[in-house]
Amino acid sequence: MERINPTRSLGRDDLAVFVAGPGLGEGVAVALPGGGWLLIDGCRTGGNVGEDVPLRTIWSTWRRDATDTVKWMLLTHPHGDHVSGFAEVVDVVRPENIGMAGPPAPGRGLHAELSDWLTRQAPTEDSLARDQLLAAANAIRSWERRTGREVTAIHDGVRLVDAPASVIALSPSPAFAASLAAESWPAFRDRANLLSIVLEVAHGGTRLLLTGDLPHRVANSEHPEGWSRLVSAYPAACAPRGLKVPHHGSKDALHPAINAGVAPRGMWTTPFSKNREPLPRWADGEGLSQLLAVDAVKLTAPPRRPPTGHVRPGGEMTRAQLGAWLTAAPLAGFLADADDISLPTISSALSPVWLSVFNDRGDVVREECGDAALLITSEAPA
Ligand SMILES: [Zn+2]
């Protein structure tokens, strides 16, 4: 595993994918061949180095010149773990377009509804998510005022970029986006994963699938607006060269046809640490084992903080080693973390990041990762 190198620039014709995820939240940055970027969702590092926003650092480090602007900033779905830092990034990168999932019909944007509701809502136990969502909604409003533009409603069929690489939205379906957008926000919040924007990025023979948190099953049954719709409507897109694994590798997000279609070494996964059973789960039969049946998994960071004092086996490890590391007893004499709600230890904005650069024939021509990232394999490393 080569360490991410901020001094090594990107070529103008590179298709580069950066996936960032420090343990709570995820952000994806795509440098398009010929110039221009997509920035999708967001996250922030924290803890011992203070707060930083990986997508802002990535774009300012690797933009190819002053004309290499952000064509789109997108929020796949309005959940706290995908919106963190979005406001700061909008203000700095000044995107040409902002997109959120929504139906094609005219009407108030989802972000306007959201910010109205959030402003009225008393702080809850999830006040951090609320603050982040509100900050994003406000930043989007000032972007609209400053530029005279409006947020674009993204749904199945919207073409965001044409050439030389194309970027097309495959989900949500317009009808489903309309039905969810008509619901009130508190009711809709619990189903917002289903609203996730899914994007196909295609360049020659290279296809990438960027997936938000779109599920396959909801409450143990296949959801008609989840992955089964995309697998039948877009079979070629569902056999990508690179897959940002949906919903932090949870079992219910994984569709067997998509897993089987991914070409080797193309699965990036971000963890979600904010509960007792963090994602992705590493036990037998859970998400990680299903992904490993296909290939190695590029995790941006461990799914929870390892016990104090335990040194990790290495950047590359098997699922069994990962499990042993994360469930080891805390060493005596150290102040152990009482729970796993905290983020894994991250040393910089580029720590929880995977970078993969593709040519237009589906080959990965450069691959690097930060010091918190892991490559999980099913067998012991050679
Ligand atoms: Zn998420």
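The values are calculated or read from the model by the stated rules, or taken from the named source; none is laboratory data. Just so we're clear, the structure is a prediction, and the values are computed from it rather than from any experiment. When we count neighbours, we look across all protein chains shown, and the Cβ atoms used for this are built from the backbone with ideal geometry, even at glycine.
Scanning segment 1-29 for residues that are outside any loop (DSSP other than H, G, I, E, B) and buried (at least 24 other Cβ atoms within 10 Å of the Cβ) returns 15, 18, 19, 20, 25, 26, 27, 28, 29.
Considering segment 181-199, the residues that are assigned to a helix (DSSP H, G or I) and without any contact (Cβ under 8 Å) to a residue 24 or more places away in the chain include one that is farthest from residue 223 (Cα to Cα), namely 187. For beta carbons closer than 6 Å, sequence separation of 6+ or different chains, a first residue in segment 152-168 that is at pLDDT below 95 and a second that is among the polar types (S, T, N, Q), the qualifying pairs are 152/97.
No other residue among 10, 24, 38 is touching an Asp or Glu at 6+ places or on another chain (Cβ under 8 Å) and touching a residue at least 12 places away in the same chain (Cβ under 8 Å) apart from 24.
Note on segment 52-71: residues that are within 16 Å of the ligand (Cβ to nearest atom) and in contact with a Ser or Thr (Cβ under 7 Å, 6 or more places away or on another chain) amount to 1. Are any of the residues in segment 43-51 more than 16 Å from the ligand (Cβ to nearest atom), within 19 Å of the chain's Cα centre (by Cα) and in a loop (DSSP other than H, G, I, E, B)? Yes - at least one qualifying residue is present in segment 43-51.
Quick grid of which residues meet (1) hydrophobic (A, V, I, L, M, F, W, C); (2) farther than 25 Å from residue 323 by Cβ:
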| site | (1), (2) |
| --- | --- |
| 239 | yes, yes |
| 249 | no, no |
| 252 | no, no |
| 271 | no, no |
| 283 | yes, no |
| 293 | yes, no |
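Scoring residue 177 on the criteria (1) in contact with a strand residue (DSSP E or B) (Cβ under 8 Å, 6 or more places away or on another chain); (2) within 24 Å of residue 19 (Cα to Cα) leaves a single failure, condition (2).
For segment 313-331, name all the residues that are of a type outside the set (Val, Ile, Thr) and in contact (Cβ under 8 Å) with a residue 60 or more places away in the chain. Answer for segment 313-331, where residues must be of a type outside the set (Val, Ile, Thr) and in contact (Cβ under 8 Å) with a residue 60 or more places away in the chain: 314, 315, 316, 317. Taking (1) over 21 Å from residue 275 (Cα atoms); (2) surrounded by 21 or more Cβ atoms within 10 Å (Cβ to Cβ) in turn, residue 44 satisfies each apart from (1). Residues in segment 289-322 that are surrounded by fewer than 21 Cβ atoms within 10 Å (Cβ to Cβ), hydroxyl-bearing (Ser, Thr, Tyr) and in a loop (DSSP other than H, G, I, E, B): 308 alone. Of all residues in segment 72-93, those satisfying the criterion of being away from the ligand (no atom under 13 Å from the Cβ), in contact with a Lys or Arg (Cβ under 7 Å, 6 or more places away or on another chain) and closer than 22 Å to residue 211 by Cβ are 85, 89.
Every listed requirement among (1) within 19 Å of residue 172 (Cβ to Cβ); (2) assigned to a strand (DSSP E or B) is met by residue 202 save one, (1). Summed over segment 226-253, residues that are away from the ligand (no atom under 16 Å from the Cβ), buried (at least 23 other Cβ atoms within 10 Å of the Cβ) and either aromatic (Phe, Trp, Tyr) or modelled with pLDDT of 95 or more (or both) total 1. Taking segment 211-225 as the range and being more than 16 Å from the ligand (Cβ to nearest atom) and either acidic (Asp, Glu) or in a helix (DSSP H, G or I) (or both) as the test, the residues that pass are 222, 225. When 125, 96, 113 are checked against the criterion of being acidic (Asp, Glu), over 23 Å from residue 373 (Cα atoms) and modelled with pLDDT of 90 or more, a single residue qualifies: 96. Inspection of segment 49-71 finds a residue satisfying the criterion of being surrounded by fewer than 19 Cβ atoms within 10 Å (Cβ to Cβ), in contact (Cβ under 8 Å) with a residue 24 or more places away in the chain and of a type in the set (A, V, I, L, M).
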